[in-house]
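The values are calculated or read from the model by the stated rules, or taken from the named source; none is laboratory data. Everything numeric in this text was worked out from a predicted model, so none of it was measured. To get the accessible areas, we keep the full protein, side chains included, count just its heavy atoms, and leave off ligands, DNA and RNA. Shrake-Rupley method; radii C 1.70, N 1.55, O 1.52, S 1.80 Å.
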Amino acid sequence: MADKDIAEKSLEWFNDVFADIVNAYFAFNGGKNGSMIQPDDLQDTKARSLYKSDGEIHEQERDTVKLWKSGEAVISLLGIENQTGIDPLMALRVFGYEGGDYRWQLTQKGLKPYPVITIVLYFGTERRWTQPRTLIETLNAPDYLRPFMNDCRLNVLELAWLTNEQIKAFKSDFRYIAKQVQCARTGEEFMPEDGYVEHPDALFKLMGALTGDQRFEAAINDFYKKGERVMIKSFLDNVEARGISIGEARGISIGEARGEERARRSIMERLIAGGISPQQAAAFTGLNA
């Protein structure tokens, strides 16, 4: 699970990928069509914020955070949080992250306050996001208090349920991840449209982490040389060839191997959803945590 978290953050940290994800989410939800945010408009910033509890200062770390700027003026602080499982307290977590960011703004003299926006990337494939999407829904509060409560709404992007048309809205390497996750849900063969990959190392490591397929890592080491341009289909053909070779050695077909992998992945996700730790679920299914 830790490897998957690192791989997700590694790809998202590239400005073109980060901008692509946010632009697509805006477009899917009634925002401006096209590229509102240009990669050059983004500036790296710390993914940590501080809060005080019981008289002590504590640190909380977000997944990926960037400043969206126009010249020297900050338009917004944008954050992406990655979720493989459904967290019933996610709205509360995001409220805490954003509250810490706003609290920091209060300490900066002369700063014109700017909005903080968080997008939750949901990589789950077994079920849709069914837990609360607002802070008020998360809290155990009587109805008569709700009109007086401040709320926080989750921006959840359910990758596995995107349509083919929506996936085409992505222009960066992230389009391959969106298609891969969609195929993991539908059971269709992952056959993306061919094109050059801008960030091969980060992309293929994330693909390997999401599938638990160690052939991706081996193919990176043998097929991809740093600095070279790589076509997505050429790389996947290399991965496929490794699978066929391994399958032949074991006396099984590549189709059978894929079916077994999907079944084990499904069992692992259900075990985690049922409260089993990722490490225990991985040990039971023989997959990477």
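By accessible area of protein heavy atoms, probe 1.4 Å, what ranking do ARG229, ARG185 get, highest first?
Correct descending sequence by accessible area is ARG229, ARG185.
Return the carbon/sulfur percentage of the accessible area of region 68-182, one whole number, probe 1.4 Å, all protein chains in place.
Working: 3200 of 5970 Å².
Exposed carbon and sulfur together represent 54 percent of the surface.
Pairs to check: LYS46/LYS168; LYS9/LYS109; LYS69/LYS112. Give those whose C-alpha atoms are more than 22 Å from each other in this structure.
LYS46/LYS168; LYS9/LYS109
From the square roots a ≥ b ≥ c of the eigenvalues of the alpha-carbon gyration tensor of region 94-182, which class results: rounded (a/c under 1.5), prolate (a/b over b/c), or oblate?
Verdict is oblate for region 94-182.
When all protein chains stay in place, what accessible area (Å², nearest 10, 1.4 Å probe) is found for GLU189?
Here the accessible area works out near 100 Å².
Could you put ASP213, ASP173 in order of accessible surface area, largest first, with the 1.4 Å probe and the full protein assembly present? Please report the intermediate quantities before stating the final value.
Details: ASP213 30, ASP173 0 Å².
Largest accessible area first, the residues go ASP213, ASP173.
Would you grab the residues whose amide H sits under 5 Å from the one on ASP173? Only those 5+ places off in sequence or on another chain, please, with H modelled 1.01 Å from N.
Amide H neighbours of ASP173: GLU198.
Could you report the accessible area of PHE14 in Å², rounded to 10, computed with a 1.4 Å probe on the protein chains as they sit in the structure?
80 Å²
Amide H to amide H under 5 Å from ASN155: which residues, 5+ apart in sequence or cross-chain, H placed 1.01 Å off N in plane?
VAL120
In whole angstrom, note down how far apart the Cα centers of region 109-133 and region 137-175 are.
About 7 Å separates the Cα centre of region 109-133 from the one of region 137-175.
For ASP20, ASP201, write out the residues from largest to smallest accessible area, computed with a 1.4 angstrom probe and no ligands counted.
ASP201, ASP20
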